Amino acid sequence: MVIEKISFVDKLSEVGSVVVGAYADASLSKNAAAIDEKFHGIISKNLKKMSFSGKLFESAHFTAIDGPLNHFVLVGLGDTGKKFTEFELEKLGAKIYDCVAELDSDATVAINTQDIDFPCNCASSFLGFGMLLKSWNFDKYKSKKNEKIKLRNVSLLTPDVQKSTEYFSELQKLADGIFLARRVVSEPANVIYPESLARIAKEELSPLGVDVEILGRSSMQKLGMNALLGVAQGSSLEPQLVILRWNGGNEAEKPIVFVGKGVTFDSGGISLKPGDGMHEMRYDMAGSGTVLGLLKAVAANKLPANVVGLMALVENMPSGTAQRPGDIVKSMSGQTIEVLNTDAEGRLVLADALWYAQDRFSPKAMIDLATLTGAIVVSLGHEFAGLFSNSDELVHQIVRSSDKTGEKVWRMPMTEHFDKGINSEIADMQNIAKSNIRGGSITAAQFLKRFVNNVDWAHLDIAGVEHTSDDLFVCAKGATGFGVHLLYEFLKEMTAIR
Ligand code: BES
Ligand code: MN
Ligand code: ZN
């Protein structure tokens, strides 16, 4: 369960647990020393007995025998004088959450700019944000919740209550966007399908002032989106194209468009996937989940930017009406595609969504997110998303935001060699590369590039990072919401409001 209440205070509330910091030379931080003195040296006495060195992210706790507090928690702050980044503070917050979650229902965190080097009196806002991110999990379908988690209320000690509260209110709304993305990605495919996800988008975003438009099959037929519709035709569920518009910028300013692959279940279609692990293909709408969460964060924080989100929602199923390997479809762009493998469906869906995006919105830039290829997991594992782009500048901007938020990206190459690999004998292109051309993530990206019409564009292949089977620093096992924070930061930088 997510922490119920996070507040900022300038006095220690003497209930539950208190979290303090110590450095790598085992000396106590300023706040820790003050608390130690107040409680007659209890921290320094215990510190000597414990094997705790104060290395960054190291932790230890002990139980208070008498006095108003139940537990003292020590967290390592590393070398004295170390400069902290926002992401390091978030990680520290997540670490603190792990330490205190099972101890008490109340915790006070007494680590802030008096203890660490951070350029603003709002270090505790980022600690709170990290705690919040780590506290989220998906236990909706568990009749019995994890009863070990006790933590409900967190107070963070800060020298500037107003500033910390202000900063945190933005981060809280960003977290809500991340949680929305995690939630819809976590839900199974019998709950999240094109129409239900479109409905959630409308319910979540309309009240925030986002313009939500939903196109169904017949509208898409009129637009000539046969590449997308071909993928959907084996399913009994109607495909949806959800268009989310946030007009926070000047009217004349071209929007930045985000396009999310939203295959609510990818069975592979007639080119059926093997049974092992097929259930994971309920995550194949993660790109759309991120776009949804991003627009929520953008609108809730009223970013002064024009932002469009497109969620291209289909289910890929085998059936008597399903698309066959070898079928040829004419995309909205007019280019024809030979569908040699119905499991390479993401690029077919995105082909029409990207074309539509540039055609309707003449964007300043477009960024798509897609769980596009298994090959990207071979290349980059679960650590990095693959970044492909036709614009060096866009790459630099995304990499800069990535450095700040800790959601890692790695630029991959795109060349004519890989582009040629998708030429078809009988149509304009084929949806999988010729067998002598390897680099499956690159050929997939080259395919997308044929539908961006030279607009500045970046593609994030998030197949390896959209969920995690390990407990990560700021995310428990399950859907990560990858990209919401990264692209929120990207938009902030673009609009230069910080
Ligand atoms: N959704 C999958 C990609 C995927 C694989 C995501 C593993 C997450 C984990 C995509 O639609 C797909 O099936 N891609 C094929 C492409 C191939 C047929 C050229 C793949 O990667 O195997
Ligand atoms: Mn597939
Ligand atoms: Zn897929």
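The values are calculated or read from the model by the stated rules, or taken from the named source; none is laboratory data. Bear in mind that the values here come from a model prediction, so they are computed numbers and not experimental data. Note: ideal-geometry Cβ built from the backbone for every residue, glycine included; neighbour counts use all protein chains shown. In case anyone asks, the SASA skips ligands and DNA or RNA and just uses the protein heavy atoms, side chains included. Shrake-Rupley method; radii C 1.70, N 1.55, O 1.52, S 1.80 Å.
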On the accessible surface of the stretch 421-483, probed at 1.4 Å, how many percent belong to carbon and sulfur atoms?
-> 44
Take the alpha carbon atoms of the stretch 1-51, find their center, do the same for the stretch 426-469, and report the distance between the two centers in whole angstrom.
-> 51
Full extension from ALA26 to ILE426: what is 0.36 nm times the residue separation minus their Cα-Cα distance, to one decimal in nm?
-> 136.9 nm
Which of VAL339, GLN358, THR321, positive extreme of dipole for the stretch 320-370 (C-beta unit charges) = GLN358
Working out 0.36 nm times the residue gap between LYS82 and ASP456, then minus their Cα-Cα distance, what length gain in nm do you get to one decimal?
-> 130.8 nm
In this model, which of LYS82/LYS145; LYS163/LYS492; LYS55/LYS302; LYS30/LYS163 are farther than 29 Å apart at the alpha-carbon?
-> LYS82/LYS145; LYS55/LYS302
Tell me, what is the 1.4 Å probe accessible area of MET281, in Å² to the nearest 10?
-> 50
Scan around LEU156 for amide H atoms under 5 Å from its own, H built in the peptide plane at 1.01 Å from N, and keep only partners 5 or more places away or cross-chain.
-> SER7, PHE8, VAL9, VAL109
List the residues of the stretch 292-323 whose backbone N lies under 12 Å from a point placed 7 Å from the Cα of MET278 along the Cα-to-Cβ direction.
-> 317-319
Which value, in Å² and to the nearest 10, is the accessible area of SER333 when all protein chains are kept and the probe is 1.4 Å?
-> 30
Dipole in debye (nearest 20) - the chain, about Cα centre, beta carbon charges: Lys, Arg +1; Asp, Glu -1 = 320
Exposure rank, largest accessible area first [LYS420, LYS82, LYS492, LYS163; 1.4 Å] | LYS420, LYS163, LYS82, LYS492
Averaged per residue, the 1.4 Å probe accessible area of the stretch 5-156, protein heavy atoms only, in Å², is roughly 44
Convex hull over the Cα atoms of the chain, averaged projected area in nm²?
-> 24.1
Regression test value, accessible area per residue of the stretch 346-498, probe 1.4 Å, units Å², expected 39
Calculated FRET efficiency for the pair GLU166/LYS202, C-beta based, R₀ 30 Å, to 0.05 | 0.50
With point charges of +1 on the Cβ of Lys and Arg and -1 on the Cβ of Asp and Glu, referenced to the Cα centre of the stretch 59-128, which listed residue (ALA60, TYR97, GLN114) lies farthest in the positive direction of the dipole?
-> GLN114
Leaving ligands, DNA and RNA out of it, rank ASP343, ASP403 by accessible area with a 1.4 Å probe, largest first.
-> ASP403, ASP343
Heavy-atom accessible area of HIS279 with all protein chains present, probe 1.4 Å, nearest 10 Å²?
-> 110
